[in-house]
Amino acid sequence: MELLSTVNLLALVILPFVVPQIWEACWIFLLRPWMITRRFKKEGISGPKYKFVYGNLEEIKKMKKEAKSWVLDLNSNDIFPRVVPHYHQWLSQYGETFLYWNGAKPTLFISDPKLGKQILSRKSGFAVVAKTRPELFILFGRGLSFIEGDDWVRHRRILNPAFSMDRLKVMTKPMVDCTLRMLEEWKIQKNSEEVIMRMEINKDFHRLISDILATTSFGSSYEEGIELFRSQSELEKYFVTSLTSVFIPGTQYLPTPTNLQLWKLDKRVKDSIKRMIDARLKSNSTNYGDDLLGIMLRAATSEEPEKSMRMDEIIEECKAIYFSGQGNSAIVLTWTTLLLSLHQEWQEKLRDEVFNECGFTIPDSDTFSRLKLMNMVLMESLRLYGPVIKMVREATQDMKIGHLDIPKGTSIILPFLKMHTDKAVWGEDAQQFNPMRFENGVSQAANHPNALLPFSAGPRTCIAQNFAMMETKIVLTMILQRFRISLSSEYKHAPFDYFNLYPQYGMPVMLQPLDTSAQP
């Protein structure tokens with residue numbers, strides 16, 4: 001009897017804690033998926049069937065694994081089925097807008113550019129990213145890309161001057177110097193008997209862009225930040241793996257082998273950034289310099305709340321800028337090199353334009369505004385092989401966008417890779433390389449003025465897009481002045497989704513030096 005009383009007492013104590021947890025689990029994993037599926041079905045929107053806890057993650061993992069074994073025809077730009085095979089299959093089954101499940105998270109796929117513009121242009125109602133992946137913040141940092149509300153406004157206002165056109169003109173010389181160092185290394189690597197040399201250009205571009213970013217924004221160099229870059233690359237592997245696994249809230253705090261490694265790498269990244277900051281603080285400069293790091297450090301001493309940044313915020317912004325800044329531009333350069341190798345006539349057109357505008361001389365900031373053909377080629381490269389293949393938003397409240405009623409908590413996928421090659425928007429040659437479509441500007445290139453979204457759109461447009469375009473033009477210009485580029489026979493055309501759009505087997509190219517006798 002006494003034992004029974006003890007059991008009853010324990011039940012009374014435990015039940016108030018257990019029952020809410022059980023109810024919440026039932027709501028998240030059973031009732032809510034059922035209700036949201038019914039709600040969208042009434043709007044005529046369907047999708048793959050929800051599976052308990054896992055949603056459609058197992059299907060996604062299986063289809064992506066199969067697609068990774070494909071090698072595409074060298075001249076094919078129809079990469080969507082290989083890169084995101086699940087989207088390709090579900091589009092054919094359920095139409096242009098469909099619902100699928102990232103675990104228990106409802107995710108709405110929307111490929112209509114008009115609806116996409118509305119979503120990206122909204123100043124409120126949509127969060128930037130679902131909060132269910134804490135490893136995302138370990139990799140990217142809680143910087144400008146992911147913070148919301150007043151914090152985002154404050155950070156954007158502080159960082160804007162670092163990417164102004166006046167500041168970009170100052171950055172041109174260090175960008176050129178970094179590129180010259182890479183080209184000198186290529187010269188040293190070249191055997192004197194070789195007429196043509198083979199390079200794994202994707203790796204070289206990543207190293208170069210890292211060097212440019214470190215030099216122009218942080219007063220450092222690739223060599224000084226090598227531990228930071230390596231740690232972030234390792235973190236990226238963990239994050240990509242996590243995208244097709246179920247996240248259970250709270251597990252990010254457990255000392256699992258994966259978490260221990262993530263924490264270790266995160267500490268390495270932060271320690272590298274702290275050393276860089278300490279070196280700047282110990283310098284004799286009174287204003288810390290006028291580069292990105294200097295601007296943030298000045299904000300740390302500001303007494304005006306709307307113009308100030310805490311030291312932990314500066315570290316998070318550095319993480320975000322280092323990772324995003326070095327990856328995207330390197331990828332743009334890699335895929336543009338592929339397209340120019342496949343379309344030698346355009347490579348010659350760009351080379352002629354470069355020689356007409358600056359000959360063999362070192363380019364300056366004024367040169368690039370005159371390189372019209374190069375700008376057209378880069379726009380076409382961003383359209384076909386943009387590094388960011390999709391954008392994610394999350395409804396923070398019940399929303400109505402166009403004809404869609406979107407419930408709170410729904411993630412929204414805007415598939416740039418699909419939208420940028422849609423024949424209904426870009427015409428019958430949508431999957432062909434045709435820079436002339438941009439002859440009259442981006443707004444006239446398709447039948448919708450906001451059809452090209454490589455840097456997003458609306459108030460959260462990428463703050464560094466002009467910086468990225470400037471460094472890309474500098475690197476291409478200086479390579480075209482010195483080399484003729486062609487693909488190596490070893491290249492396998494296999495773009496794949498490694499969070500951004502990467503060449504699965506690298507980008508081996510052949511470089512043939514031009515006559516350099518007239519060069520300075």
Exercise. Scan K408, K418 and give me the residue that is modelled with pLDDT of 90 or more and surrounded by fewer than 14 Cβ atoms within 10 Å (Cβ to Cβ).
Key: K408
Quiz item: Which of the residues belonging to the range 44-76 are farther than 17 Å from Q93 by Cβ, of a type outside the set (F, W, Y) and part of a loop (DSSP other than H, G, I, E, B)?
Solution: V53, K68, S69, V71, L72, D73, L74, N75, S76
Quiz prompt | Odd one out for P459 among (1) within 21 Å of the chain's Cα centre (by Cα); (2) crowded, with 18+ Cβ neighbours inside 10 Å; (3) modelled with pLDDT under 90 | solution = (2)
Exercise. Report, by residue number, each residue of the range 88-111 that is more than 17 Å from S411 (Cβ to Cβ) and either crowded, with 21+ Cβ neighbours inside 10 Å or among the hydrophobic types (A, V, I, L, M, F, W, C) (or both).
Key: L91
Quiz item: Given S302, S220, S272, which one is in contact with a Gly (Cβ under 7 Å, 6 or more places away or on another chain) and polar (S, T, N, Q)?
Solution: S272
Quiz item: Just to be sure, is S308 closer than 30 Å to H155 by Cβ, of a type outside the set (A, V, I, L, M, F, W, C) and within 25 Å of the chain's Cα centre (by Cα)?
Solution: no
Quiz item: Of all residues in the range 215-252, which are of a type outside the set (K, R), more than 24 Å from V509 (Cβ to Cβ), in a helix (DSSP H, G or I) and free of Cβ contacts under 8 Å to residues at least 12 places away in the same chain?
Solution: I226, T241, T251
Self-check item: Among the residues listed as V392, V377, V332, the single one being more than 17 Å from the chain's Cα centre (by Cα) and not in a loop (DSSP other than H, G, I, E, B)
Solution: V377
Exercise. State which residue is nearest to R167 (Cα to Cα) when the search covers only the range 340-358 and only residues that are of a type in the set (S, T, N, Q) and surrounded by 17 or more Cβ atoms within 10 Å (Cβ to Cβ).
Key: Q347
Quiz item: If you check V475 against the conditions, is it crowded, with 18+ Cβ neighbours inside 10 Å and either in contact with a strand residue (DSSP E or B) (Cβ under 9 Å, 6 or more places away or on another chain) or among the charged types (D, E, K, R) (or both)?
Solution: no
Quiz prompt | Filter result for the condition that a residue is surrounded by fewer than 19 Cβ atoms within 10 Å (Cβ to Cβ), part of a helix (DSSP H, G or I) and β-branched (V, I, T), over T367, T361 | solution = T367
Quiz prompt | Selection status of F467, over 30 Å from L72 (Cβ atoms), crowded, with 19+ Cβ neighbours inside 10 Å and hydrophobic (A, V, I, L, M, F, W, C) | solution = yes
Quiz prompt | Of all residues in the range 480-517 being among the polar types (S, T, N, Q) and part of a loop (DSSP other than H, G, I, E, B), the one that is farthest from the chain's Cα centre (by Cα) | solution = S517
Self-check item: Odd one out for V442 among (1) of a type in the set (A, V, I, L, M, F, W, C); (2) surrounded by fewer than 20 Cβ atoms within 10 Å (Cβ to Cβ); (3) at pLDDT 95 or above
Solution: (3)
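The values are calculated or read from the model by the stated rules, or taken from the named source; none is laboratory data. Since this is a predicted model, take the numbers as computed values, not measurements. For neighbour counting, all protein chains shown are included, and Cβ atoms are generated from backbone atoms with ideal geometry for every residue, glycine included.
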